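Undergrad: Supplied in structure tokens, the structure appears directly below.
The values are calculated or read from the model by the stated rules, or taken from the named source; none is laboratory data. Quick caveat, the model's predicted, so the values are computed rather than measured. Every residue, glycine among them, receives a Cβ derived from its backbone with ideal geometry; neighbour counts consider all protein chains shown. What goes into the accessible areas is simple: the full protein's heavy atoms, side chains included, and nothing from ligands, DNA or RNA. Shrake-Rupley method; radii C 1.70, N 1.55, O 1.52, S 1.80 Å.
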Amino acid sequence: DLSRWPFGNLEKMFAIDAEKSSRMALLRREIRKGFPVPKAWRPILEKPDNKYGLGRLSTVNALINTTRYVTEKVDQWKPPAVFLAEGGDCDGYAAAKYILLRHLGFPAKDLRITGVRIRKNNSLHAVLVARTGSGKFKNYVLDNIGNYVRSALYTDKYVPLISLNEKGVWIHDPRGQAIAERFANPPLP
């Protein structure tokens, strides 16, 4: 159901003090610093077919997904330089993609780190959702599972629960309320 995905009509804003949210603070801080783009990535990102829209999303997704996956014992977001060096889990991939896309000029209003429930095994996962263009194919999911960028229209294996960017937090499903409350005051990385 697309109405539940980020930028859908069933989402509702969650009241949060953005100054107290360590995740939102990390996003803002790292965006100000700029993404530490590895030298080998620069020519890839500068290719004309990788500069806009779906091409840009696919390139960023593929580059960030080359980072080593590491199961983390503590749910803590890492700055991109640390994530690229040490690896991380799904929320690290989503945050790094978000920060790199912001570095490359995508507006915050079109990007959301989204906590989802995987229907198959009822586990939690994080992806990045990016809005480009208009029409029914405007919301794209950047995932580290399967290394794909897919329209949210065809991403029925996930149920979106919550999303955030450096500006706010949105709830997409009643089960996202508890996650949003944890986002309000988690420990700083």
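Undergrad: Would you tally the residues in segment 91-136 being under 17 Å from residue 167 (Cβ atoms) and among the aliphatic types (A, V, I, L, M)?
TA: 10
Undergrad: Look at segment 61-89 and say how many of its residues are assigned to a helix (DSSP H, G or I) and either over 11 Å from residue 144 (Cα atoms) or over 16 Å from the mean Cα position of the chain (by Cα) (or both).
TA: Number of matching residues: 7.
Undergrad: Next question. Only one of 98, 93 is closer than 24 Å to residue 156 by Cβ, aromatic (Phe, Trp, Tyr), touching a residue at least 60 places away in the same chain (Cβ under 8 Å) and not in a strand (DSSP E or B). Can you tell me which?
TA: The match here is 98.
Undergrad: Let me ask something else. Within the bounds of segment 148-159, is there any residue that is within 22 Å of residue 72 (Cα to Cα) and either at pLDDT 90 or above or of a type in the set (S, T, N, Q) (or both)?
TA: So far as segment 148-159 goes, yes, one or more of its residues are within 22 Å of residue 72 (Cα to Cα) and either at pLDDT 90 or above or of a type in the set (S, T, N, Q) (or both).
Undergrad: Also: Looking only at residues that are in a helix (DSSP H, G or I) and over 27 Å from residue 167 (Cβ atoms) in segment 28-60, which one is most open to solvent (accessible area, probe 1.4 Å)? Before the answer, list the steps.
TA: Within segment 28-60, the subset in a helix (DSSP H, G or I) is 28-33, 39-46, 48-50, 53-60.
Within this subset, residues satisfying the condition of being over 27 Å from residue 167 (Cβ atoms) are 39-40, 42-44, 46, 48-49.
Values: 39: 164, 40: 75, 42: 126, 43: 83, 44: 62, 46: 109, 48: 106, 49: 110 Å².
It comes out as 39.
Undergrad: For residue 150, are the conditions met, namely being without any contact (Cβ under 8 Å) to a residue 12 or more places away in the chain and in contact with a strand residue (DSSP E or B) (Cβ under 6 Å, 6 or more places away or on another chain)?
TA: Taking the combined requirement at face value, the residue satisfies it.
Undergrad: Given the options 82, 127, 116, name the one that is surrounded by 14 or more Cβ atoms within 10 Å (Cβ to Cβ) and in contact with a His (Cβ under 7 Å, 6 or more places away or on another chain).
TA: 116
Undergrad: Same structure, new question: Sort out which residues of segment 115-155 are in a loop (DSSP other than H, G, I, E, B) and touching a Gly at 6+ places or on another chain (Cβ under 6 Å), and write them in order of number.
TA: 132
Undergrad: Please specify each residue of segment 130-148 satisfying the condition of being of a type in the set (A, V, I, L, M) and surrounded by fewer than 22 Cβ atoms within 10 Å (Cβ to Cβ).
TA: 145
Undergrad: Could you identify the single residue in 9, 61 that is closer than 25 Å to residue 157 by Cα and at pLDDT 95 or above? Walk me through it before giving the result.
TA: Working: 9 fails: at pLDDT 95 or above.
Exactly one residue qualifies, and that residue is 61.
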